[in-house]
Protein chains: 4
Amino acid sequence: MSATTSRQRIGVLTSGGDAPGMNAALRAVVLAAEHYDMEVIAFRHGYEGLLNNEYLSLKAADVLHVLQYSGTIIKSARCPRFKEVAAAQLAAENLDALGLSALVVIGGDGSFRGAEHLSQYWQGQIIGVPGTIDNDLYGTDATIGYATAVAIAMDALDKIRDTADAMDRVFIVEVMGRHAGFIGLSSAMAAGAERMILPELQRDKPLTVAALVKHIKRVEAVRGPGSYVMVLSEHQWPGGAVALSEQLEAEFDMPCRPCLLGHIQRGGAPAPSDRILASQLGVHAIELILQGATRVMAGIKANQMVAVPLVDTWTKKNPLDENLLRIQHEIFNPVKKSANKPSQ
Amino acid sequence: MSATTSRQRIGVLTSGGDAPGMNAALRAVVLAAEHYDMEVIAFRHGYEGLLNNEYLSLKAADVLHVLQYSGTIIKSARCPRFKEVAAAQLAAENLDALGLSALVVIGGDGSFRGAEHLSQYWQGQIIGVPGTIDNDLYGTDATIGYATAVAIAMDALDKIRDTADAMDRVFIVEVMGRHAGFIGLSSAMAAGAERMILPELQRDKPLTVAALVKHIKRVEAVRGPGSYVMVLSEHQWPGGAVALSEQLEAEFDMPCRPCLLGHIQRGGAPAPSDRILASQLGVHAIELILQGATRVMAGIKANQMVAVPLVDTWTKKNPLDENLLRIQHEIFNPVKKSANKPSQ
Amino acid sequence: MSATTSRQRIGVLTSGGDAPGMNAALRAVVLAAEHYDMEVIAFRHGYEGLLNNEYLSLKAADVLHVLQYSGTIIKSARCPRFKEVAAAQLAAENLDALGLSALVVIGGDGSFRGAEHLSQYWQGQIIGVPGTIDNDLYGTDATIGYATAVAIAMDALDKIRDTADAMDRVFIVEVMGRHAGFIGLSSAMAAGAERMILPELQRDKPLTVAALVKHIKRVEAVRGPGSYVMVLSEHQWPGGAVALSEQLEAEFDMPCRPCLLGHIQRGGAPAPSDRILASQLGVHAIELILQGATRVMAGIKANQMVAVPLVDTWTKKNPLDENLLRIQHEIFNPVKKSANKPSQ
Amino acid sequence: MSATTSRQRIGVLTSGGDAPGMNAALRAVVLAAEHYDMEVIAFRHGYEGLLNNEYLSLKAADVLHVLQYSGTIIKSARCPRFKEVAAAQLAAENLDALGLSALVVIGGDGSFRGAEHLSQYWQGQIIGVPGTIDNDLYGTDATIGYATAVAIAMDALDKIRDTADAMDRVFIVEVMGRHAGFIGLSSAMAAGAERMILPELQRDKPLTVAALVKHIKRVEAVRGPGSYVMVLSEHQWPGGAVALSEQLEAEFDMPCRPCLLGHIQRGGAPAPSDRILASQLGVHAIELILQGATRVMAGIKANQMVAVPLVDTWTKKNPLDENLLRIQHEIFNPVKKSANKPSQ
């Protein structure tokens, strides 16, 4: 592979936990590069491939029909050693040896920290594309993969509701998002869950099983017998849904069934909005390169393409939508009654 | 049913073509009404039920678990006679007789015209909630049902791609949206279609079969043999996908298969974003009533709840997203090559 | 409700764990009864409703469009006290008081034991319809709900594969079937799992983590790096998938992720074959009544409708398909090599 | 590629219309071949690739994770010229030149006719594997792809029902199967369609629009207002669902909407039973080769693996299941009343 071509040559990689829509983002990067007559080199296994010189050339034909699949055709990986100075320096050397003028990093906050670290040792442009199901990056209304994860969690909750209604039982469904309740809140609202336990709702006083039982009983008193479905963000209860379910049964004789979705939330056909977002952001990343930008994340705010300093994406906080939270937690919660005035 | 209760009593109906998420909007209206201690009367079959005094009282227990189903539990209908003065007057009488102070109309532009017409003869508050798969209402970033319709069209396109790739054939998939290309554009981008024929892309000079064949052949020349999938908005070709497919075979000996999605696009489990949007807008409608608003549509713009004059929703134009159009039509179209400059 | 009608009147109930397709079976019972001019009384909450005289009349219009939903519209329940003589006697009195000449019981082996118990105290005809996701009843090639459970488990495994491939990781998916490996075997084969741990494959010598790790490493040696997905039937490992996953990580430093499907396997739209089977068996139950049969289960063997003595359904064993087991466990297992001869 | 290896070398191809599960069958052929230490050569584009010497070697790693995708990774094609003697002779020469001792043909009746034709000019073993969504082959209880096609048609019918119920309308859904009503019958029963028009139900006296309208009105009279969904096999009405829908509206003023599923029925994730069937039959094909069989199709009857003479598969008739037909057409049809006696 010659580095002497007159066409601009850029790199791309997917890093960290994979997210549905990463392939669509990769496709958009390659198609936009083709459109603007640029060449694309993809590193496999994220920063690991960059360090190991494991790469391949990607052309339109290689990516045309990958947008309907989850995962990432160039594979992803976590790369703890990329925090070291030597690793960043080696990466910079490899990028230069390949004649790359820019690198597109598709991933989450850990990947962007790696990108920022690399930028201290490499002169090329670095553009981030937000690919994570957690939606926990500042500066963009949505991250690639989040909509799909919500759809999968909602689908599981729908299935649980079918059987819960048949038997009038309590169910706990554990979803991803240990630091951010986006998946929990959106799936709970979409599926009409009776309760959600999210990182953002945790208080100084820890939640007790007794408090949960009290809510379950008050909901039954207000609504009559029926199913009760709880959405639990991971790491918000010791031992997760399995442990909490056992406690409800052992301590309160309340039949309860757990469900742990796990990595199911990263699979399946990417949702339309993830594919469209990925397409927009992949093209935007290429156009940011053409505009001379660097150390920014391609994002979307209020339907507008934006460029956000990489460092902002993890140092600033992306809060839950206050209105959604209020609706699900207060308006739709039968044990909270209004004093007849809207809060806004 | 007594009209002398001290609680505020409001009406609700679903009107026009049904849209996935109408049930979720209805549920949100009822739950928010419960929260604010209001009573809800639902009219069946849209304005028909209002004229025929066909109604029922809805409580939380009636709607708790309807948000996962398409259609509308209170049924919908088109009601051409509602344009007449006598009909609006009769509706006003019926609303007054029931002691209703406000009416929530879940539907599209035709339903909103009806609501505006009614407002000339009735003093109560009227709030619209945008429920239509077509996404063709001014004043809101999305309408309820649109996301689901796109998801269903995309799913069909994904299935077509599987078989198209096996045989290297041309396929035409006809989608809804005779006046607006939203479903066509979004599903084409989400599924990576090679071509789309939308109302907004129609020119002075009518499109010919020969021009389509030329594009098909140029795409093959650039990309190599493979499948070619075309998204056709309804009413953009005489006889639709079936006729166009026959013409391609008869006139150009090009094997081609049609698919007509039709009302499939209105069914299935509503997408998460439709359910969440419907929940937000249903609550917003109730809170607009509490705030004294009338003759407005509850909408969402840039993640903010807004109130849009009903009359604006159909007199002003909701254009396709220019950036999406540019990406799908130019950047991802292999027969359009850039002069190496981004257009923005 | 008068018992003096000249039309034959029969009862129906759904009992035990709900299974997708129970509604379709109920619908078939009601439609066939309508066809043969019989009246149907449905008891709610299984035998509980029979003991509590909680029942309703079901007509065709009530069940026409329920076949596309999981759960059971007449609800199900477990009823431990039905084993008592007094309960069976009370049930017999209630059935006689309602003038019922036959009872159709849709459920699994526990429900059929209850039916057999009841038959000692009641003279009416009793027909079982096999409704359980576990497929563990003798005398029928399939039980209602089994196909749907397999489809849901397979879908989860497909999603896991997407993300597993992106990161080359080990995953453990826990499925239902503590006494029978049908769901485990079929979903493993359908999804191409690398390993399955089923009740039927458990040996005298208990399985160790070390043995699992050895298989994982041998598969990697033969097949190269890649994802490794294990299907684990519930109750086949202490602490289930969560515990096993932790052991693999703690003891062998092998990154591993668990997933616990739980009751998701009972929800969702019933699979076509469950709906068709339920339709056939529901009709068959009514026709068995007309033929004078009693204390039998309506079943299907080799595409033929059969009637199996109820007591056989749990006293005789329904083994896993030997050929399926052989294929998945031996032919598709890369660490088992043939001596170049087929085993049959 | 050397033909002098001591390992047995066999060929495989997929031919005719693609069917979901063909990849699973291909995978099973390759994995079983690996197990029995055989080498596999795959021809691309069906018989076309055999004539053009377009082939590749397939190993386990190439096919491990293809079973979850529809289509066929080695592509399919129709090949009219394969009927000629010269073509069969050329194919025989190519097979011999590659040192192949057997050929596995995955396809439908046209592909099997081709195989039988080839057998007159080639001495190697030829085994057919039934891959067609139409289920119209004699000698096997099911063909690969049929279950998936039914699932997709049913899903479409479910979606139609949602919206049909909202508006109380008539819908016509056109499904595949011009010579056989398997897809039509099974999807109609699974989705509870009110009417089906199948090749097998066509009479001497052609069906008229007036007769259809009469049925629609009688169903409404018996069941009350509601949705009416009709399943129409392709080629059973001039102009298909679109034309019939227009006639109902134009001649009888009956609002009606058509839907043409087309090739959607060949896509999507293959159903579990198609993957399991394909796995069994792919292994069976290899084991039939080891047993010395030729000119037979690997099939399944009453859960047993069978070998059926290729020529029987299209010369003998695979009828619709009489019991299914009776249930859907008579028992579930509200306008046909029994004389209170079951027909069997």
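The values are calculated or read from the model by the stated rules, or taken from the named source; none is laboratory data. These figures come from a predicted structure and were not determined experimentally. Quick reminder, even Gly has a Cβ in these numbers, built from the backbone with ideal geometry, and neighbours come from all protein chains shown. What goes into the accessible areas is simple: the full protein's heavy atoms, side chains included, and nothing from ligands, DNA or RNA. Shrake-Rupley method; radii C 1.70, N 1.55, O 1.52, S 1.80 Å.
Note on C:37-44: average number of Cβ atoms from other chains within 10 Å of each residue's Cβ is 1. Each other residue within a Cβ distance under 12 Å of B:I74 adds +1 if Lys or Arg and -1 if Asp or Glu, for a net charge of -2.
Counted by Cβ distance under 13 Å from B:K159, the other residues give a net charge of -3, where Lys and Arg count +1 and Asp and Glu count -1. Inter-copy label distances at A:H235, shortest first and taken from points set 7 Å along Cα to Cβ: 3.5, 5.3, 6.0 nm. Reported to the nearest whole Å, the Cα centre-to-centre distance from segment A:129-196 to segment A:284-325 is 23.
Apply the a/c threshold of 1.5 to the C-alpha gyration tensor of the protein assembly as shown and tell me whether it is rounded, prolate or oblate. Spell out each step's value before the answer.
Values: a/c = 1.30, a/b = 1.06, b/c = 1.22.
It is rounded, given that a/c, with a ≥ b ≥ c, falls under 1.5.
Rg/Rh, computed from the Cα trace of segment A:1-131 with Rh as the Kirkwood radius, has the value 0.93. Ellipsoid fit via the Cα gyration tensor, segment B:201-344: semi-axes of 40, 21, 16 Å, each the root of five times an eigenvalue, largest first.
Note the buried accessible area between B and A here, summed over both chains, with a 1.4 Å probe, in Å² to the nearest 100. Please report the intermediate quantities before stating the final value.
On the way: alone 15700 and 15700 Å², together 26400 Å².
In total, this chain pair buries about 5000 Å².
Antiparallel beta bridges, as assigned by DSSP with both residues in segment B:104-244, represent about 0 percent of the total such bridges.
Along the axis of the charge dipole computed for chain C (Cβ charges of +1 for Lys and Arg, -1 for Asp and Glu, origin at the Cα centre), the listed residues C:G124, C:H284, C:A91 are led at the positive end by C:H284. Between B:E34, B:E234, B:E249, the Gaussian network model of chain B with springs among Cα atoms under 10 angstrom shows the greatest mean-square fluctuation at B:E249. Pull up the DSSP beta bridges for chain C and report the antiparallel fraction as a percent, rounded to 5. In chain C, approximately 25 percent of DSSP beta bridges are antiparallel ones.
For segment B:148-267, the gyration tensor built on C-alpha atoms gives an oblate shape. Its axis ratio a/c (a ≥ b ≥ c) is at least 1.5, and a/b is not larger than b/c. The relative contact order of chain D, computed from alpha carbon pairs under 8 Å that lie at least 6 residues apart in sequence, is 22 percent. For chain A, adding -39500 (n - 2.57) for each run of n ≥ 4 DSSP H residues and dividing by the number of residues yields -12000 deg cm²/dmol at 222 nm. Under the convention that each Lys and Arg Cβ holds +1 and each Asp and Glu Cβ holds -1, the size of the dipole of segment A:147-266 around its Cα centre is about 260 debye.
Taking the Cα centre of segment C:8-121 as origin and assigning +1 to Lys and Arg Cβ atoms and -1 to Asp and Glu Cβ atoms, the resulting dipole is close to 240 debye. So, R0 is 56 Å and r is the distance between the beta-carbons of C:A210 and A:D312; what FRET efficiency does that work out to, to 0.05? Calculated transfer efficiency: 0.70. So what is log10(I(q)/I(0)) for segment D:1-72 at q = 0.17 1/Å, when the Debye sum runs over its Cα atoms only? For segment D:1-72, the Cα-only Debye profile gives -0.62. Using a Gaussian network for chain B with springs between C-alpha atoms less than 10 Å apart, which of these wobbles most: B:T163, B:T208, B:T315? So, out of B:T163, B:T208, B:T315, the one fluctuating most is B:T208.
For segment C:147-266, the relative contact order works out to 40 percent when only alpha carbon pairs closer than 8 Å and six or more residues apart are counted.
Going by the alpha-carbon gyration tensor, a ≥ b ≥ c the square roots of its eigenvalues, is chain B rounded (a/c under 1.5) or, if a/c is not under 1.5, prolate (a/b greater than b/c) versus oblate? Before the final figure, lay out each step's value.
Details: a/c = 2.42, a/b = 2.34, b/c = 1.03.
Prolate is the answer for chain B, as a/c is 1.5 or above and a/b outweighs b/c.
Roughly how many percent of the accessible protein surface of chain A is carbon and sulfur, given a 1.4 Å probe and a whole-percent answer?
Details: 5940 of 11870 Å².
C and S fraction of accessible area: 50 percent.
Counting only protein heavy atoms and using a 1.4 Å probe, the accessible area of B:R218 comes to about 110 Å². Measuring from the axis that maps chain D onto chain B, the chain D residue with the nearest beta carbon and its rounded distance in angstrom come out as D:L260, 2.
Once the Cα atoms of helix B:272-290 and of chain B are each reduced to a long axis, what angle between those two axes, in degrees from 0 to 90 to the nearest 10, is obtained? Approximately 30 degrees, to the nearest 10. Across the copies of the chain, D:Q89 has label points (7 Å from Cα along Cα→Cβ) spaced 7.3, 9.1, 9.2 nm apart, shortest distance listed first.
Taking 7 Å steps out from each Cα toward its Cβ at B:R178 and A:A61 produces label points 4.3 nm apart.
When the Gaussian network model of chain D links Cα atoms closer than 10 Å, the mean-square fluctuations of D:A87, D:A166, D:A269 top out at D:A166.
Can you give the mean number of other chain Cβ atoms that lie within 10 Å of the Cβ atoms in peptide D:28-35?
Values: counts 4, 0, 0, 6, 5, 0, 6, 11.
Average neighbour count from other chains, rounded to a whole number: 4.
Would you tally the net charge around B:R218, using a Cβ to Cβ cut-off of less than 14 Å, leaving B:R218 out, and scoring K and R as +1, D and E as -1? Write out the running numbers ahead of the final one.
Working: positive: B:R195, B:K214, B:K217, B:R223, B:K336, B:K337; negative: B:E194, B:E220.
Spelling it out: positives minus negatives among the neighbours equals +4.
Counting only other chain Cβ atoms within 10 Å of each residue's Cβ, the peptide C:228-239 averages 0. Taking the C-alpha atoms only, the angle from helix A:240-252 to the longest principal axis of chain A is near 10 degrees.
Remark on C:R9: its backbone amide H falls under 5 Å from those of C:E39, C:S101, a criterion applied only to residues 5 or more positions apart or on other chains, H modelled at 1.01 Å from N. Provide the percentage of antiparallel DSSP beta bridges, counting only those with both residues in the protein assembly as shown; round to the nearest 5. Once the DSSP bridges in the protein assembly as shown are tallied, antiparallel ones form about 25 percent.
Per residue, how large is the accessible surface of the protein assembly as shown? Use a 1.4 angstrom probe and give square angstrom.
35
Projecting the Cα atoms of C:I160, C:F171, C:Q202 onto the charge dipole of segment C:147-266, computed from C-beta unit charges around the Cα centre, puts C:Q202 farthest toward the positive end.
Between copies, the label points of D:D204, set 7 Å from Cα on the Cα→Cβ line, lie 6.4, 7.2, 9.1 nm apart, reported in increasing order to one decimal in nanometres.
Between the Cα long axis of helix A:209-223 and the first principal axis of chain A there is an angle of about 70°, rounded to the nearest 10. The charge dipole of the protein assembly as shown, taken about the Cα centre with unit charges on the Cβ atoms of Lys, Arg (+1) and Asp, Glu (-1), comes to about 0 debye, rounded to the nearest 20.
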